[in-house]
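The values are calculated or read from the model by the stated rules, or taken from the named source; none is laboratory data. As the structure is a prediction and not an experimental result, all values here were calculated from the model. As a convention, Cβ positions derive from the backbone with ideal geometry for all residues, glycine included, and neighbour counts pool all protein chains shown.
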Amino acid sequence: MKKIVTYGISFILMISILANIGLGILKNTILKKEYIMQKMEENNYYENVKENIQSGFENYIQQSGLPEEVIEELFTVEDIKQDTEIMLNNIYTNENTVIDVEKIKTKLREKIYDALADVRLMADDEKSIEEFIEIIGSTYQNEIEHSQWLSMLNGQIYEVNDKLNKVQIYIYALPIILLVLIFICNIKNLGELIKQIGISVLGASILIIIAILIVRINVDIKNILILNEATSIVIRNTIYEILNNLTGISIGMGIVAVILCYLGNFVKINKK
């Protein structure tokens, strides 16, 4: 009966180890705004977005008949970085701040009227110019916000983090409680105690490896395309990094588990 109880506790310990690893990975990667911004920086996200926006501007300028120089240097990479942080704050901290594009529109308006200083503009021309300015502002804002996704994600990660913060103390405490229970069940059998801990760690390690293999086999990570190429590059490399970290963790756990199982058997043999 004691053995059955011990095996049951060991199984729950294995699950709790997995839960702690999963929680740690989530809290320090996709649920952490600073991590996402770091990945964006490392993968040249802001520069790639700048190119996308500028390309969008060029499509409209060709249709407008205005000189191309009016859409040059309307914004900088630093502007994109600041506005992206506003967008991430809306997602991660439940803020509801709208990206301000008035500076871009004002700058564009000045450049257009400077370029057309010698041209006599009619009311319809001025109306067309204002419409063009609005389109350029919207193009910039949409490329930063991806409003169709932002409205869906806005506040969601904040809520997930809030819920995890409330339960994480229990998730962290569970393995300790289970270790105490295993110790009580095997207080006179140190070898079995060490072995059961090793089995739990080994089981968690194997399940992580299986999960990694399933993801790598069934998900075409290198061809993931979400929103645009700039965002997709960040997502792909983040997935690869998380999988690589999990692989390293599982290998380390496997080594520790083998050592524990060996020590458990060693203690048993010597005790006999």
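Would you point out which residue out of LYS222, LYS195 is more than 30 Å from GLU95 (Cα to Cα) and touching a Leu at 6+ places or on another chain (Cβ under 9 Å)?
Checking each option against the conditions leaves just LYS195.
Which condition breaks for ALA115 when tested against (1) touching a residue at least 40 places away in the same chain (Cβ under 8 Å); (2) over 22 Å from GLY56 (Cα atoms); (3) of a type in the set (Gly, Ala, Ser)?
Result: ALA115 fails condition (2) only.
Suppose we keep only residues that are more than 23 Å from ASN161 (Cβ to Cβ) and of a type in the set (A, V, I, L, M, F, W, C) within region 1-30. Which one would you say is modelled with the lowest pLDDT? Quick ask: steps written out before the conclusion?
Here is the first cut: in region 1-30, the residues more than 23 Å from ASN161 (Cβ to Cβ) are 1-14.
Adding the requirement that they be of a type in the set (A, V, I, L, M, F, W, C) leaves 1, 4-5, 9, 11-14.
Details: MET1: 65, ILE4: 80, VAL5: 80, ILE9: 86, PHE11: 91, ILE12: 92, LEU13: 91, MET14: 93.
Per the stated criteria, the residue is MET1.
Six or more apart or on different chains, Cβ under 6 Å: which pairs go from a residue in region 194-208 that's under 8 Å from LEU260 (Cβ atoms) to one that's β-branched (Val, Ile, Thr)? Could you list them?
As it stands, the answer is VAL201/VAL256, since those pairs meet every condition given.
Need the failing condition index for PHE75 against (1) in a loop (DSSP other than H, G, I, E, B); (2) at pLDDT 90 or above; (3) farther than 30 Å from LYS33 by Cβ, just the number.
With respect to (1) in a loop (DSSP other than H, G, I, E, B); (2) at pLDDT 90 or above; (3) farther than 30 Å from LYS33 by Cβ, PHE75 is out only on (3).
Hey, could you check region 38-51 for residues that are buried (at least 17 other Cβ atoms within 10 Å of the Cβ) and of a type outside the set (Lys, Arg) and say which is nearest to ASN237 (Cα to Cα)?
Among residues in region 38-51 that are buried (at least 17 other Cβ atoms within 10 Å of the Cβ) and of a type outside the set (Lys, Arg), the one nearest to ASN237 (Cα to Cα) is ASN43.
Considering only residues of region 185-242 that are of a type in the set (D, E, K, R) and touching a Gly at 6+ places or on another chain (Cβ under 8 Å), which is farthest from LYS81 (Cα to Cα)? Please lay out each step first, then the result.
Here is the first cut: in region 185-242, the ones of a type in the set (D, E, K, R) are 188, 192, 195, 216, 220, 222, 229, 236, 241.
Next cut, touching a Gly at 6+ places or on another chain (Cβ under 8 Å) only: 192, 195.
Working: GLU192: 55, LYS195: 51 Å.
So the residue we want is GLU192.
Somewhere in region 57-70, is a residue closer than 24 Å to ILE233 by Cβ and not hydrophobic (A, V, I, L, M, F, W, C)?
Within region 57-70, one or more residues are closer than 24 Å to ILE233 by Cβ and not hydrophobic (A, V, I, L, M, F, W, C).
Which residues, taken from region 78-118, are of a type outside the set (Asp, Glu), at pLDDT below 90 and surrounded by fewer than 13 Cβ atoms within 10 Å (Cβ to Cβ)?
ASN96, THR97, VAL98, ALA117 - these are the residues of region 78-118 that are of a type outside the set (Asp, Glu), at pLDDT below 90 and surrounded by fewer than 13 Cβ atoms within 10 Å (Cβ to Cβ).
Of LYS33, LYS39, which residue is basic (Lys, Arg), within 22 Å of VAL167 (Cα to Cα) and in contact (Cβ under 8 Å) with a residue 40 or more places away in the chain?
LYS33
Looking only at region 87-112, count every residue that is among the hydrophobic types (A, V, I, L, M, F, W, C) and in contact (Cβ under 8 Å) with a residue 40 or more places away in the chain and tell me the total.
Selection size over region 87-112: 6.
Answer with yes or no whether GLU126 is in contact with a helix residue (DSSP H, G or I) (Cβ under 9 Å, 6 or more places away or on another chain) and among the acidic types (Asp, Glu).
no
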